[in-house]
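We did not get these values from a lab; they are worked out from the coordinates using the rules stated. Computed from a prediction, not measured in an experiment: that's the story for all the values here. In this analysis, Cβ positions are derived from the backbone assuming ideal geometry, glycine residues included, and neighbour counts consider all displayed protein chains.
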Amino acid sequence: MDEYMMSYCGLHCRTCPIHLATLEPDQAKQQTMRASIAQELSKIYGTASPLKEIPDCDGCRSSTGVLFTGCADCGIRKCARDKNLENCAFCESYPCGMLLKHYVYDPDSRKRLDEIRMKRCQP
Ligand code: SF4
Ligand code: SF4
């Protein structure tokens, strides 16, 4: 797996719908994708009306600065960056409380980060 496209918390940015919509060259298709993402997010976060606009996102660890607000404001991302870590798998407090809450929503993130830790322990 391309670890560069993995977020600090273990999400796979390459398959993230927000990133896929960013890469979509067909404007009409892109709008449809974004409308569906907005509805999905309002369901998840329980907001009354869907987000008006889904911005571009190049991925959590991209250096372009083009990042979805929800991920730019993420406490896990901030924490791992402050510690100058490649991702949370390299943290001595792994898995912290913030990560355990995140794993409830995305158990695959745990699998990815656990796999990295296992590899690091192998001789
Ligand atoms: S950083 Fe961007 S691509 Fe990665 S999970 Fe967040 S919104 Fe998706
Ligand atoms: S304490 Fe460690 S595992 Fe938890 S968010 Fe920060 S860097 Fe990640």
Stretch gain in nm, segment Glu115-Gln27, where the contour uses 0.36 nm per residue and the Cα spacing is subtracted: 27.9 nm
Cβ-based charge dipole, the chain, positive-most Cα from Met33, Cys96, Met6: Cys96
Scalar couplings 3J(HN,Hα) for region 97-106 by Karplus 6.51 cos²θ - 1.76 cosθ + 1.60 (θ = phi - 60°), nearest whole Hz, x for Gly and Pro, are x, 4, 5, 4, 5, 5, 5, 4, 7, 9
Each residue of region 9-22 in turn: what ³J(HN,Hα) in whole Hz from Karplus with 6.51, -1.76, 1.60 and θ = phi - 60°, glycine and Pro shown as x? 8, x, 5, 9, 4, 5, 9, 5, x, 5, 6, 4, 5, 4
Mind checking the dipole of the chain: about its Cα centre, +1 per Lys or Arg Cβ, -1 per Asp or Glu Cβ, Debye to the nearest 20? 300 debye
Suppose only helical runs count, i.e. DSSP H with n ≥ 4. What mean residue ellipticity at 222 nm does that imply for the chain under -39500 (n - 2.57) per run, divided by all residues and rounded to the nearest 500 deg cm²/dmol? -15000 deg cm²/dmol
Order by neighbour count: Ser7, Ser63, Ser93, Ser42, fewest other Cβ atoms within 10 Å first, most last. Ser63, Ser93, Ser42, Ser7
Taking the Cα-to-Cβ direction at Ile44 and at Leu100 and moving 7 Å from each Cα, how far apart do the two end points lie in nm? 2.2 nm
Within the chain, what is the longest stretch that has no GluC sites (Glu not before Pro) placed in a DSSP loop and near at most 11 other beta-carbon atoms within 10 Å? 1-52
Distance between modelled label sites at Val66 and Glu86, nm, 7 Å Cα→Cβ extension: 2.6 nm
Cut-off under 27 Å on the C-alpha distance; same-chain residues fewer than 8 positions from Lys111 excluded. Which lysines are left, in chain and number order? Lys43, Lys78, Lys83, Lys101, Lys119
Let me know the shape class of region 1-42, please: from the alpha-carbon gyration tensor, a ≥ b ≥ c as square roots of the eigenvalues, rounded when a/c is under 1.5, otherwise prolate if a/b is greater than b/c, or oblate. oblate
Whose amide H sits under 5 Å from the amide H of Cys57, counting only residues 5 or more places off or on another chain, with H placed in the peptide plane? Thr22
How would you order 25-33, 99-107 from highest to lowest mean count of nearby Cβ atoms within 10 Å? 99-107, 25-33
Suppose R0 equals 25 Å. What FRET efficiency, 1/(1 + (r/R0)^6) with r the Cβ-Cβ distance, do Asp108 and Ser36 give to the nearest 0.05? 0.75
